[in-house]
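Notes for the one structure printed next.
The values are calculated or read from the model by the stated rules, or taken from the named source; none is laboratory data. Note that the structure is predicted; figures quoted are calculated from it, not measured. Reconstructed Cβ throughout: ideal geometry from the backbone, glycine too, with neighbour counts over all protein chains shown. All accessible areas refer to the heavy atoms of the entire protein, side chains included, with ligands and DNA or RNA removed. Shrake-Rupley method; radii C 1.70, N 1.55, O 1.52, S 1.80 Å.
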Amino acid sequence: MMLSPHWYVVHELLALLRSRERRAAQSPWDARALQARDDAAYTLCVLMGERTRAAAVEAAERYLARSRGVVLPSVALAPERAL
């Protein structure tokens with residue numbers, strides 16, 4: 001049996017990542033903002049069992065959609081560097 005994260009934890013972490021991505025985009029010279037973004041992305045990758053930020057975000061969105069009974073179409077991901 002595999003453990004699954006609580007949907008609320010996934011939801012909150014995804015929101016945190018998006019917030020930190022916006023902050024990093026607004027201040028690309030701010031090393032703390034970039035590190036905070038990367039830390040949130042890494043945590044989401046670990047939580048969702050994925051190797052890239054894009055794959056973790058997609059997995060989180062799918063997980064949240066399934067927890068609400070929504071089926072999302074499959075989307076091919078562009079290659080992204082592994083975290």
Legend entry - helices (runs of 4 or more DSSP H) within segment 1-78 that include 1 or more residues modelled with pLDDT of 95 or more and open to solvent by 100 Å² or more (accessible area, probe 1.4 Å): 7-26, 31-48
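If a residue must be without any contact (Cβ under 8 Å) to a residue 24 or more places away in the chain and either over 11 Å from Gln35 (Cα atoms) or of a type in the set (Gly, Ala, Ser) (or both), how many such residues does segment 6-22 contain? Before the answer, list the steps.
In the first step, residues of segment 6-22 are kept if they are without any contact (Cβ under 8 Å) to a residue 24 or more places away in the chain; the result is 6, 8, 12, 15, 18-22.
Filter again for either over 11 Å from Gln35 (Cα atoms) or of a type in the set (Gly, Ala, Ser) (or both), leaving 6, 8, 12, 15, 18-19, 22.
Selection size over segment 6-22: 7.
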